[in-house]
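Down below is the structure, laid out as structure tokens.
The values are calculated or read from the model by the stated rules, or taken from the named source; none is laboratory data. Everything quoted here is computed from the prediction, not taken from an experiment. All Cβ positions, even for glycine, are placed from backbone atoms using ideal geometry, and neighbour counts span all protein chains on display.
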Amino acid sequence: MNPIDTDFTQQLVGEILTGLRDGLTKFSGPSRVGVIYQLQTKDELHICDPHSLLRGHELKIRSSYFDKKSIPIDTANALRHKPYSHIERITNLDLDGIISFGGQSGPVTYQMWFTDHHPEILSTGPTERWLEHAVLRFSHDVANERELYTGISGRFLREYSTHAVCDQIVYESARSSTSYSQFLIYPVINAVLEISKTREEQRSPHGELIFVDPRVIDSIEFMARFSHTELPLLDNYKHVRKLLQAVQKFRNRLVSDGTHIIGIASGRIDHFNITADFRGLFGLLKLNDQSICSFADGAYSSAAHQAKLFEVEETLLDHNLDSTIRNSLFHIVSSIVHFAETEHFGCSIVLDLNEPLTQIAGQDLEQPLDLERSNLLDLACNLARVDGALQICKDRHLHRFACLFDGPRIEGEDRARGARYNSALRFTARKPHTVIVVVSSDRPVSVIQNGIEYRSSCSLRPGLSSDVKSQRLIDWLDVL
């Protein structure tokens, strides 16, 4: 692009950022995105940060780009005669709470793309591959110039989730000493989604399906191996769903070579493998036993589908508690919440940090249960099934269960939520040293204090690509 078409560059950046933001928001929840770029070595650095993702990191950015030579010019010049698809990876800035990926190419001297690092995601890998593809798309569009521009980059990045998962598997396999090359990845991860949507007797699938290289099949110790003349096909999703019923428990799993179901095995498999762990309404996709993403409703996601409860940790830090007590209370709450999530029931937990203990209508216990004892914590998990809330105090004991809340109406109630949620808002509005954790069977976990739900995720204004504008990085840094 010579001379540089500034309006066209703005259009490219805006459309890529908008598609990237929309895609990552579906994959990981509300996500901000930004980019720092330089088209040619003689140009100034520009930034586009429409939702202030990079605000708060000005000192690190200034030192990285202006206090030292940040862009290897010799490398940039050497790439000038390479194709747009030849990308040299650049070292990330390592900004706290941010995932980034940068690269150099012939058409674009420097580009670094950024997005939120959500604390609850299973792995940053697919998101990094997403940003890596943004690097490639920007290089491609700049190389094509306005006359050949198709406008597909933003739309493609918006729907990139399955490709990002596939690219992450390919990326990890390239780093592994064992090759996956004897089966294709994309048909495998597509089959996982199709099987996850297939019900048997109105029930979602449970059990594990593991994919291994056909070359190592004979080294696996099978409990039951199917006749080679009647091997079930992987793309017969209904048949595979029926077979999963045979491995719902006892840590057995179906084994596939990417085309057929070979048999049933148990125990650890050390060869390079992809595992689909079906858990009913959702599942986990694992690479060599490490979760890289989840799947639900026919789509992949970065969500763990299990509350991380960072909000509980942060609210406990606001109270004057000994670290041992704080850690123990967090463990107790986490155990009860995760049990409720696994068993698919709703409940409420009152962390009563008041002295003396708050009197709540409920079922009193003659002797409070010491929840640092594992068997009594298990009992508390089951008592959470009973209508009403558990009352747990600083002594880490359960004092009451089946507790009922009262309180006058307050502003901020949400009629779209149930009585459990709104009564917790009312109760905590009058009890300043009380934290209530509400687990809904079909909604995320809510942490409520002082009549307000504690929220840690970012909120985004929808915005359009036309709202996205770049500016000189030095000007952005000078804005206080």
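Only one of these is part of a helix (DSSP H, G or I) and of a type outside the set (Lys, Arg): ILE269, ILE261, ILE292, ILE332. Name it.
Exactly one residue qualifies, and that residue is ILE332.
With the checklist (1) modelled with pLDDT of 95 or more; (2) over 20 Å from ARG472 (Cα atoms) in hand, flag the one item SER100 doesn't pass.
SER100 satisfies every listed condition except (2).
Filter segment 364-398 for residues that are without any contact (Cβ under 8 Å) to a residue 40 or more places away in the chain and assigned to a strand (DSSP E or B) and give the result.
Of everything in segment 364-398, those that are without any contact (Cβ under 8 Å) to a residue 40 or more places away in the chain and assigned to a strand (DSSP E or B) turn out to be ASP364, LEU365, GLU366, GLN367, PRO368, LEU369, ASP370, HIS397, LEU398.
Considering only segment 399-408, how many residues are buried (at least 19 other Cβ atoms within 10 Å of the Cβ) and assigned to a strand (DSSP E or B)?
4
Based on what the data block shows, is ARG55 out of contact with any helix residue (DSSP H, G or I) (no Cβ under 9 Å at 6 or more places or on another chain), of a type in the set (D, E, K, R) and more than 21 Å from PRO107 (Cβ to Cβ)?
In short, yes.
Tell me which residues, restricted to segment 416-450, are more than 26 Å from the chain's Cα centre (by Cα) and of a type in the set (Phe, Trp, Tyr).
PHE427
So which of ARG253, ARG241, ARG268 is more than 30 Å from ILE349 (Cβ to Cβ), surrounded by 16 or more Cβ atoms within 10 Å (Cβ to Cβ) and out of contact with any Leu (no Cβ under 9 Å at 6 or more places or on another chain)?
The conditions single out ARG241.
Condition check: touching a Pro at 6+ places or on another chain (Cβ under 6 Å) and modelled with pLDDT of 90 or more. Does HIS228 satisfy that?
It is false that HIS228 is touching a Pro at 6+ places or on another chain (Cβ under 6 Å) and modelled with pLDDT of 90 or more.
Can we say HIS271 is without any contact (Cβ under 8 Å) to a residue 24 or more places away in the chain, within 23 Å of VAL192 (Cα to Cα) and outside the structural domain of LEU369 (by TED's automatic domain parsing)?
no
Out of the residues in segment 1-24 that are in contact with a strand residue (DSSP E or B) (Cβ under 9 Å, 6 or more places away or on another chain) and of a type in the set (Val, Ile, Thr), which is surrounded by the most Cβ atoms within 10 Å (Cβ to Cβ)?
ILE16
Within the set of pairs 6+ apart or on separate chains, which have a first residue in segment 190-216 that is within 16 Å of SER294 (Cβ to Cβ), a second that is in a strand (DSSP E or B) and among the hydroxyl-bearing types (Ser, Thr, Tyr), and C-beta atoms under 6 Å apart?
GLU208/THR275
Table: residues versus (1) outside the structural domain of ALA134 (by TED's automatic domain parsing); (2) more than 26 Å from the chain's Cα centre (by Cα); (3) at pLDDT 95 or above.
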site	(1), (2), (3)
GLN11	no, yes, no
GLY14	no, no, no
PHE27	no, no, yes
ARG32	no, no, yes
GLN38	no, yes, no
SER63	no, yes, no
PHE66	no, yes, no
ILE71	no, yes, no
ARG80	no, yes, no
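Residue check: is HIS319 assigned by TED's automatic domain parsing to the domain that holds GLY346 and at negative phi?
yes
Which number in (1) closer than 28 Å to GLU343 by Cα; (2) of a type in the set (A, V, I, L, M); (3) surrounded by 19 or more Cβ atoms within 10 Å (Cβ to Cβ) marks the one condition that ILE262 misses?
(1)
Would you mind stating whether ALA419 is out of contact with any Phe, Trp or Tyr (no Cβ under 6 Å at 6 or more places or on another chain) and farther than 26 Å from HIS319 by Cα?
Answer is yes for this residue.
Being modelled with pLDDT of 95 or more, closer than 17 Å to HIS331 by Cβ and of a type in the set (Asp, Glu), is that true of even one residue in segment 341-358?
no
Can you tell me which residue within segment 92-140, out of those that are within 17 Å of GLY23 (Cβ to Cβ) and among the polar types (S, T, N, Q), is farthest from the chain's Cα centre (by Cα)?
Among those residues, the one meeting the criterion is SER100.
Restricting attention to segment 286-308, does a residue exist that is among the basic types (Lys, Arg) and either surrounded by 20 or more Cβ atoms within 10 Å (Cβ to Cβ) or at pLDDT 90 or above (or both)?
Checking segment 286-308: at least one residue is among the basic types (Lys, Arg) and either surrounded by 20 or more Cβ atoms within 10 Å (Cβ to Cβ) or at pLDDT 90 or above (or both).
Only residues that are touching a Leu at 6+ places or on another chain (Cβ under 9 Å), touching a residue at least 60 places away in the same chain (Cβ under 8 Å) and part of a helix (DSSP H, G or I): list them for segment 128-160, please.
Listed by number, the residues that qualify are TRP130, LEU131, ALA134, ARG137, PHE138, ASP141, VAL142, SER153, GLY154, LEU157, ARG158.
Among the residues of segment 116-131, is there at least one that is surrounded by fewer than 22 Cβ atoms within 10 Å (Cβ to Cβ) and closer than 25 Å to GLN11 by Cβ?
Yes - at least one qualifying residue is present in segment 116-131.
Could you go through segment 311-319 and let me know if any residue there is in a helix (DSSP H, G or I), of a type in the set (S, T, N, Q) and either in contact with a His (Cβ under 9 Å, 6 or more places away or on another chain) or buried (at least 18 other Cβ atoms within 10 Å of the Cβ) (or both).
Within segment 311-319, one or more residues are in a helix (DSSP H, G or I), of a type in the set (S, T, N, Q) and either in contact with a His (Cβ under 9 Å, 6 or more places away or on another chain) or buried (at least 18 other Cβ atoms within 10 Å of the Cβ) (or both).
Kindly establish whether PHE211 is buried (at least 19 other Cβ atoms within 10 Å of the Cβ), not assigned by TED's automatic domain parsing to the domain that holds SER123 and not in a helix (DSSP H, G or I).
So PHE211 fits the description; yes.
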